[in-house]
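What follows is one structure encoded as structure tokens, with my remarks underneath.
The values are calculated or read from the model by the stated rules, or taken from the named source; none is laboratory data. Just so we're clear, the structure is a prediction, and the values are computed from it rather than from any experiment. So basically every Cβ, Gly included, is an ideal-geometry build from the backbone, and we count neighbours across all protein chains shown. Accessible surface areas use protein heavy atoms only, side chains included; no ligands, DNA or RNA. Shrake-Rupley method; radii C 1.70, N 1.55, O 1.52, S 1.80 Å.
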Amino acid sequence: MAALALAGCMQTGQQVAMAPRNDLDTLAYGQTAQTSYPVASNDSGGAVSAIRANYATSPRATYASTAVASTPAVVANAYAAAPVAATHDAPYHLDAGDKLRVVVYGQEGLTNTYAIDAGGAITMPLIGAVAARGKTPAGLAADISARLRNGYIREPSVAVEVETYRPFFILGEVAAPGQYPYVPNMSVESAVAIAGGFSPRAKRDSVTLTHNAGRGIVPLGTAISPGDTILVGERWF
């Protein structure tokens with residue numbers, strides 16, 4: 001009975017490899033005893049699966065799986081936390097100081113460079129003053145076309161582009177404060193570079209930016225627009 005019970009305990013549902021016991025087993029049990037050595041299989045049982053299960057519950061395995069699982073999230077959070085520079089895809093709005101190239105196709109007498117005056121308008125032959133402040137170049141072209149169509153040209157074709165942007169201003173702790181020509185896609189940092197860089201006492205992590213009617217403290221990577229004023233402050237220590 002003991003032999004039968006032991007033989008029943010040693011059975012396994014897995015594929016096994018058989019190895020003969022020594023002669024003492026033969027004398028004790030009256031038959032050649034067999035020892036089962038589990039062979040790796042694709043199911044969840046066996047010694048290999050037991051080792052895997054034991055490794056999965058170990059502290060090192062837990063740490064490794066946690067580290068792998070958290071890596072994408074950490075990278076994503078790092079990018080999300082990084083400051084994002086302002087985009088430059090928004091339509092540009094004209095104002096005093098901008099110089100425009102206005103092309104009226106087939107009309108050389110009207111095609112010319114026009115400056116927006118302090119009143120926010122340009123003055124063209126035939127149609128006189130045309131309000132430009134606050135409009136986009138495309139919007140101004142449409143207004144000029146409408147004015148020319150009203151008794152001057154039957155089907156005018158007009159294009160407007162900015163030839164020279166109005167300047168920006170930089171004040172405070174820079175080597176050469178003053179007024180400078182604006183270049184598209186400028187940032188506060190590039191504006192400081194144009195002004196000769198920071199002075200020895202300058203506060204270098206942020207500046208005060210005045211844009212239209214708003215004013216605030218911004219980092220150096222912030223995009224600026226024509227007409228903006230940058231104030232570089234003095235550090236206390």
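Within segment 204-232, the set of residues being surrounded by fewer than 17 Cβ atoms within 10 Å (Cβ to Cβ) and over 25 Å from residue 93 (Cα atoms) comprises 204, 205, 206. Scanning segment 185-198 for residues that are exposed (fewer than 15 other Cβ atoms within 10 Å of the Cβ) and in contact with a strand residue (DSSP E or B) (Cβ under 8 Å, 6 or more places away or on another chain) turns up 185, 196, 197. Among all positions in segment 149-165, there is at least one residue which is under 24 Å from residue 195 (Cβ atoms), of a type outside the set (S, T, N, Q) and not in a strand (DSSP E or B). If you check 206, 187 for being at pLDDT below 95, of a type in the set (S, T, N, Q) and more than 30 Å from residue 112 (Cα to Cα), only one passes: 206.
Is there any pair linking a residue in segment 136-162 that is among the charged types (D, E, K, R) to one that is open to solvent by 30 Å² or more (accessible area, probe 1.4 Å), with Cβ under 6 Å and at least six apart or on different chains, and which? Close Cβ pairs satisfying both conditions: 161/101.
Taken over segment 216-237, the criterion of being free of Cβ contacts under 8 Å to residues at least 40 places away in the same chain and in contact with a Leu (Cβ under 7 Å, 6 or more places away or on another chain) is satisfied by 216, 218. Selection within segment 166-178: residues that are part of a loop (DSSP other than H, G, I, E, B) and in contact (Cβ under 8 Å) with a residue 60 or more places away in the chain. The member of this set that is farthest from residue 227 (Cα to Cα) is 173.
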